[in-house]
Amino acid sequence: MSRGPYVARFAEADVPAGLAAQVAALEAEAWPGSVPGHDPALAPRSLLLLGEDGTVAAALSLLHKEIRLGGRTHRAAGLSSVVTRSALRGRGLGGLLVAAARAELAADPAVDLALFSCDRPLAPFYAAAGFPPLPGTVLVGGTPEEPLATDAPGFDKVVPAAFFSDTPDRDRRAFTGVRVPLHPGNIDRLW
């Protein structure tokens, strides 16, 4: 009996070498010149959608940090490096993996919300997996000294989000239509 694709979860540092090489190749194809890996300070976790033969069909990273906004500290997570093997695109595998990431974040008591940026044409894809866009919200990445905002010239980004705290409606309002000081650093300038 075939079990079909399945999600494997690892701390980024613990991804087996063969799988890490596959992920690096997928990322290099999608984003030529990119450097694999994330800032260890963001507690990166890798979610890999594997075929029965162990081939990586899709991959993404979950990054974590606290964000101070509206007088409160929020325990945030973000999706990064979401990629599907080009030969397998259009089959719903990426959506399956993003939905699995949302379920994992929703079940994590150490995560209040997830938010990240994506190209505007991808907003319906993320919304279908449970991350609707926040109207008018801008993520400000990089560092306070060298910020990189999602509304910078040449960017056409939106900010999808999901809220998991005890006050999701209040948190959604707090994060809508504002500039969010993400500042993940120089390695992961925007997650």
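The values are calculated or read from the model by the stated rules, or taken from the named source; none is laboratory data. Given the structure is predicted, the values throughout are model-derived calculations rather than measurements. Note that each Cβ is placed from the backbone with ideal geometry, even for glycine, and that neighbours are counted across all protein chains shown. Protein only, heavy atoms only, side chains kept; ligands, DNA and RNA dropped before computing areas. Shrake-Rupley method; radii C 1.70, N 1.55, O 1.52, S 1.80 Å.
Below is a table of values for the structure above.
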| item | result |
| --- | --- |
| Filter result for ASP53 (among the acidic types (Asp, Glu) and modelled with pLDDT of 95 or more) | no |
| Residue within segment 86-106 that is crowded, with 20+ Cβ neighbours inside 10 Å and among the hydroxyl-bearing types (Ser, Thr, Tyr) present | no |
| Qualifying residues in segment 166-191 (those that are acidic (Asp, Glu) and without any contact (Cβ under 8 Å) to a residue 12 or more places away in the chain) - the one nearest to ASP112 (Cα to Cα) | ASP166 |
| Criterion: more than 20 Å from ASP108 (Cα to Cα) and not charged (D, E, K, R) - qualifying residue of SER80, SER61, SER86 | SER86 |
| Identity of the residue in segment 3-60, within 17 Å of the chain's Cα centre (by Cα) and among the polar types (S, T, N, Q), that ends up nearest to ARG91 (Cα to Cα) | SER46 |
| Segment 107-128, residues that are within 10 Å of ALA162 (Cα to Cα) and surrounded by fewer than 21 Cβ atoms within 10 Å (Cβ to Cβ) | ALA127 |
| Segment 107-158: number of residues that are without any contact (Cβ under 8 Å) to a residue 40 or more places away in the chain, more than 19 Å from LEU42 (Cβ to Cβ) and among the small types (Gly, Ala, Ser) | 8 |
| Any pair with Cβ under 6 angstrom, 6 or more apart, that starts in segment 10-34 at a residue that is free of Cβ contacts under 8 Å to residues at least 24 places away in the same chain and ends at one that is open to solvent by 40 Å² or more (accessible area, probe 1.4 Å) and outside any helix (DSSP H, G or I) | ALA24/PRO36 |
| Output for segment 51-75, where each listed residue is under 13 Å from GLY4 (Cα atoms), of a type outside the set (Gly, Ala, Ser) and open to solvent by 10 Å² or more (accessible area, probe 1.4 Å) | GLU52, ASP53, THR55 |
| Some residue of segment 158-173 being on the phi > 0 side of the Ramachandran plot, open to solvent by less than 80 Å² (accessible area, probe 1.4 Å) and out of contact with any strand residue (DSSP E or B) (no Cβ under 7 Å at 6 or more places or on another chain) | no |
| Given (1) of a type in the set (D, E, K, R); (2) surrounded by 15 or more Cβ atoms within 10 Å (Cβ to Cβ); (3) within 20 Å of GLU66 (Cβ to Cβ), index of the condition GLU145 fails | (2) |
